[in-house]
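Just below is one structure, and these are the notes that go with it.
What follows draws every value from the coordinates through simple rules; no lab data is involved. All figures in this text were calculated on a predicted structure; none of them were measured in a lab. Reconstructed Cβ throughout: ideal geometry from the backbone, glycine too, with neighbour counts over all protein chains shown.
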Amino acid sequence: MIKKTPKQSTLQGIKSLFVGLRVTGHNFVMPQITTHYPRQEVDNLVTYRGHIELVPKEDDPMTSKCILCGQCAKACPSNCIELVIRKEEVEPPPAAEAQPDADKEEAPPKPAPKKKVKRILEAFILDYNLCSLCGQCVQTCPVDSLEFSTNSYLAGFTREEFVFELLERMRKKYKASSSG
Amino acid sequence: MLHYAQEQLQGDYYTRAFQAGAQEDTLILNMGPQHPSTHGVLRIILELHGEYILRAEPVLGYVHRMQEKMGEVKTYPQYLPNMGRVDYLHALAWNWAYVLAVEELLQLEVPERAEYIRVITCELNRITSHLLWWGAYLLDLGAFTPIMYGFADRERAMDLLQIITGSRLTYCYYSFGGVTADLTPQFIDGTKEFCKYLRTRLPMYKDLVTDNMILRHRVDDIGIIPVDMARRYGVTGPNLRGSGVEHDLRRNTPYSIYDRFDFEIPAYEECDALARYLVRMDEMEESLSIIEQAIDSLPEGPVTPPKMPKVIKPPKGEAYGAVEGARGVIGIHVISDGTATPYRIKLRSPSFSNLSLFAEVSEGILLADAVSILGSLDLVIPEIDR
Amino acid sequence: MNIAPELIHIAVALAAIAAFIGLNGLVLVWLERKVAGHIQRRPGPYEVGPWGLLQPVADAVKLVGKQLVRPKVADPWLYWSAPLLSFTPVFLLFLTIPFGPRLIGMEFNLGLLLILAFSGLNVLALCLAGWSSANKYSLLGAARAVAQSIAYEIPLLLAVLAIAFQFGTLNLSTIVHHQGPMPWQWNVMTQPLAFIIYFICAVAETNRAPFDLPEAESELTAGFHTEYSGMAFGLFFLAEYAYIIVISCVATVLFLGGWHGPGAPGFWWFLLKVYALIMVIIWLRWTYPRVRFDQLLNINWKWLLPLALVNLLLTLIFVKM
Amino acid sequence: MKQSWVDELNAAGAPKCTEVQKGVACFCLEPENLLPSVRKILDLEYYLQDVSAADFQEGYLLTYHFAHFEEPGQAVFRVLISHEEPQIPSISSLYQGAIWHEQECNDFYGIVFTDHPDLKPLLLVPEENLYPLRKDTQSQKSFLDIFPGCKLVEAPPAPEGEESSGDQETAGEETPKKKGTGKAKARKGDDETAQEPGQA
């Protein structure tokens, strides 16, 4: 549909100037639509996909769901995920590794009759300085152990402040929620 | 007389090259890379006679990121987030062009619901892009208020897109074979409401700006791009439709499911900045109409293909994904050598072609018109530089 | 001859004017930002003081605290004298404006002429600022400023001349005395065309949007004051607002009955009318796009000048009849 | 692309084209046939989409994408030029939009476009020749491998000697002599749908 641009007579033009004044005048008396930030905050942060966080296991909130497959680190376009994995020989009875508390992990491995190497997630490091928030890691995770945080108010003075250790964050979060 | 240091007179490589061709008694003016009206870091060297432009040369590359090289070192999915950064205003169209090309290589079937979601979000994104252009263009022309109104409305659309994509500007939402997240009822209701709301706002825009006598006189009859010139430079999108050509990939080579919707391709025959302005204003309404139709006929079903290869390794060959972005034809030419990394990715950005005619179109015009023409071309500098 | 009381009077008046300009300048800055904010559905200045009232003061403190920078190749004398030259004539402009029946800096028979003459000095300041900055944008801005100011001074003069012819005087107090308290007794009723021409020219003279071409930021970054920083820029800024007040005051005196008003006449009526005009000027700025330079001159030479001449002719005919 | 247009283009350039799916017509040209073919396609009112290059074992493959304002589909011109002598005539006299695209190819690959009005760096720093998209010999892939429909032929016969009986079947059946040396010419059949009948 090829149209011609509508032409305007001088009278119409002069009228349009007053119409414009009317529009801005009308808006002048309308209520404001801005959010006065420190006093108000936007209400749509629940849908914001910030940096990633580890998801704890349902039965054990101190352990993450992560199975250490490393898919997220491989999928990341900017190489900002690093998994620190500690290999540990454990006994066959699974009781010891079922709830590897933070202090228990430090315990030296006992020589067992049937050696089995278990890989334990020591740290999950996210370098948020590099992250481009694309969400590839969350999509590739086969066990849904990563989720987006809604943390949008981030500020810091050094780059080091944005190198997050997600496992620690997850545990801190749980401790804070359980104590508070 | 003022005395200038010798090195100040020489300028950089481009200025020197430009100055070599200058006439006597003319003024060489560097507009940009930091200039209020170049919307980023575009630099234009102008040769002025009074306020008339004798010669203009855009200098690019200030935000060049070698996106094409990045494509050759990243895997196919890893390159996806780059797409939102090429054109941050219509990121979803770039997303789409890329996944379209890769889907063609992979022979991947996209579920119907995902196609609808792509249409809805892409059109919503187009509206946000046009709204920002509208505000920014009026800012170029010296009106401060419209950009605030435009942004207020754009925020609503971005809030909607945030619901499903999680981000507000550089979306990375489409995935090979579908989309990464399904629509939520909140999004659907919000979008319906937004369409109604924007339809009440567009007449206000018309009253405040489109019909304004000063604006009409500013944009009427400047920056004439005849069809022939558009063809030689590869101008596409609203700029081309402002030259009276009803060329729109959504209609000409309907990709995805655009052939199912009833919408007009607005085109104006005047070829000037006003025509391009009106095309975009009309396009927003058409996009609203497409969104409403798509939401009304949204089918149920999955949003990702049932069977996805674990590692994306397209077979050897090439594919050209072309979609209609807010600025014109976005084309992504992918050559695959059968590995997980593209062999060559060529990004055809519409702004690049649209800007390339500036040198020709700006001959003999006023400086103020140059600003106005640049704005009417709707440039996104990161897209030009890639 | 006893000249001392007159000198004391003028000195007091100048001091009062300085206070008046300073205060109103600050109020205007605040008002403009507040009006702009509300038109754009924002709060405007908000944080500093109640309703952001202290924001202009904070801005002024910031401007004073900033370093004054001069480009290496700029001409130092002209460069620094330009902002001063822009600001100082403003004092003289206020001297002959009758704010109230007895509130006047200096009763002067050629008051109107004085105002028009000294307001012409502003263009010199802009020209010097643009030229001495050694900046191409500044130079273009200055060229525009000169062309624009000279062009618009002519219809402005002709419009004002119509009023002067009507009452046969250039004394502003006399002109106010000829007008009555009621709106229909004001000159705007007898000389509507002159008022419109005067108003348009006044907006153009003060380089306000939609005629703010010398500092059109989308084309010339900041026009003639691109290179100025700190209080040097602040003086240009203040002078611009002072000129807005002056032209609104003159418009009030000439066309809107001065201090007259329904009920008791007085200073407040004058101020009210001045601020009403200023509000309109602000309103215009936040509504319209900028006109193009050739169009700006076209409006002047093709429309305003002939209309002003016709208006003057009609006035002459009426006065002589 | 209309068949009649394909025929016209076949007449303009030496090697033949094959219609491929979705109306995309690929033409493999030799550098000397490029300008006549581009002139032809300008007459057919095609607009320039882009000019891009890619680095292959056999040489640099230049791809010119054209599309039409009314007709669906694309016309693709491919020209293979050697690594040793990366030179090709510029099409910027016909399509001025190609000026920047060619400058970009020069930036990225160092390809020289003869008769280009202003072949200076566009996107990269002007002081250095970086050529970032050139591949080293290990990572270079074979052009024939990726586009199985394409053939490399010996130096071609003169353009006038070519009979204009060029429909797609004969194009595919021409006997190509495989030779992967320097001045290689690309003979392009069908790249995407090699399974189409009539193709080698």
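Worth pointing out:
- Taking trypsin sites (Lys or Arg not before Pro) as exposed when their DSSP state is a loop state and no more than 11 other Cβ atoms lie within 10 Å, the longest site-free interval of chain A runs over A:40-113.
- The label-point distance for residue C:58 and residue B:363, in a model that sets each label 7 Å from Cα toward Cβ, rounds to 5.3 nm.
- For chain B, a Gaussian network of Cα nodes joined below 10 Å ranks B:95, B:125, B:252 by mean-square fluctuation, and the top entry is B:252.
- GNM flexibility winner over chain B from B:359, B:181, B:17 (Cα, springs under 10 Å): B:17
- For region C:123-199 versus region D:54-87, the inter-centroid distance based on Cα atoms is 65 Å.
- Under-5 Å amide H pairs with residue B:43, H placed in peptide plane, nonlocal only: B:59
- Orientation-averaged projected area, Cα convex hull of region B:209-254 (nm²): 4.0 nm²
- DSSP beta bridge pairing in the protein assembly as shown, given as percent antiparallel to the nearest 5: 90 percent
- Percent of alpha-carbon pairs separated by more than 19 Å within region B:71-226: 59 percent
- Projecting the Cα atoms of C:258, C:125, C:238 onto the dipole axis of region C:70-320, where Lys and Arg carry +1 and Asp and Glu carry -1 at the beta carbon, places C:258 farthest toward the positive end.
- C-alpha center-to-center spacing [region B:63-104, region C:1-80] in angstrom: 51 Å
- Over all projection directions, the Cα-based convex hull of region C:251-321 averages an area of 7.0 nm².
- Spread of Cα-to-Cα distances over 20 Å intervals beginning at zero, given as percent, for the protein assembly as shown: 11, 35, 32, 17, 5, 0, 0
- Between the amide H of residue A:118 and those of A:88, A:89, A:90, distances stay under 5 Å, these residues lying 5 or more places away or on another chain, with hydrogens modeled in the peptide plane.
- A simple spin-label model places pseudo-atoms 7 Å from Cα toward Cβ; at residue B:13 and residue C:109 they are separated by 7.3 nm.
- Estimated from the Cβ-Cβ distance and a Förster radius of 41 angstrom, the FRET efficiency linking residue A:45 and residue A:19 is about 0.60.
- In terms of its C-alpha gyration tensor, region B:142-293 comes out oblate, because a/c is 1.5 or above while a/b does not outweigh b/c.
- Compactness of region B:218-372 as Cα Rg over 2.2 N^0.38 Å, two decimals: 1.28
- Descending semi-axes in Å of region A:16-96, equivalent ellipsoid built from Cα gyration tensor: 56, 17, 9
- Checking Cβ-Cβ separations below 4.7 Å across chain B identifies B:122, B:195, B:271 as cysteines lacking any candidate disulfide partner.
- Per-residue ³J(HN,Hα) for region C:86-99, Karplus 6.51 cos²θ - 1.76 cosθ + 1.60, θ = phi - 60°, Hz, x for Gly and Pro: 6, 8, 4, x, 4, 4, 5, 5, 6, 4, 9, 7, x, 7
- Using the Karplus relation 6.51 cos²θ - 1.76 cosθ + 1.60 with θ = phi - 60°, the per-residue 3J(HN,Hα) values for region C:137-146 come to 5, 4, 5, 4, x, 5, 4, 5, 4, 5 Hz, with x marking Gly and Pro.
- Taking the Cα centre of chain B as origin and assigning +1 to Lys and Arg Cβ atoms and -1 to Asp and Glu Cβ atoms, the resulting dipole is close to 1300 debye.
- For residue D:26, residues with placed amide H under 5 Å, excluding near neighbours: D:18, D:20, D:76
- In range of the label at residue B:70: residues from region B:80-105 whose backbone nitrogen is under 12 Å from the point 7 Å along Cα→Cβ: B:80-88
- Cα-derived Rg to Rh of chain C, Kirkwood definition: 0.97
- Site pair residue A:158 and residue B:107 shows an inter-label distance of 5.6 nm when each label is modelled 7 Å from Cα along Cα→Cβ.
- Loop-resident GluC sites (Glu not before Pro) (DSSP state other than H, G, I, E or B) in region D:79-129 with no more than 10 further Cβ atoms inside 10 Å of their Cβ: D:84, D:127, D:128.
- Part-to-part distance (alpha-carbon centres) for region B:315-369 and region B:137-181, which is given in Å: 22 Å
- The GNM of chain B, with springs linking C-alpha atoms under 10 angstrom apart, assigns the highest mean-square fluctuation among B:140, B:228, B:282 to B:228.
- Remark: region D:37-54, residue by residue, has Karplus-estimated 3J(HN,Hα) of 5, 5, 4, 4, 6, 5, 5, 7, 6, 8, 10, 7, 8, 7, 10, 9, 10, 8 Hz, where x stands for each Gly or Pro and the curve is 6.51 cos²θ - 1.76 cosθ + 1.60 at θ = phi - 60°.
- Chain B: mean projected area of Cα convex hull, nm²: 20.2 nm²
- For region C:172-214, the Kirkwood estimate of the hydrodynamic radius, built from every pair of different alpha carbons, is 11.8 Å.
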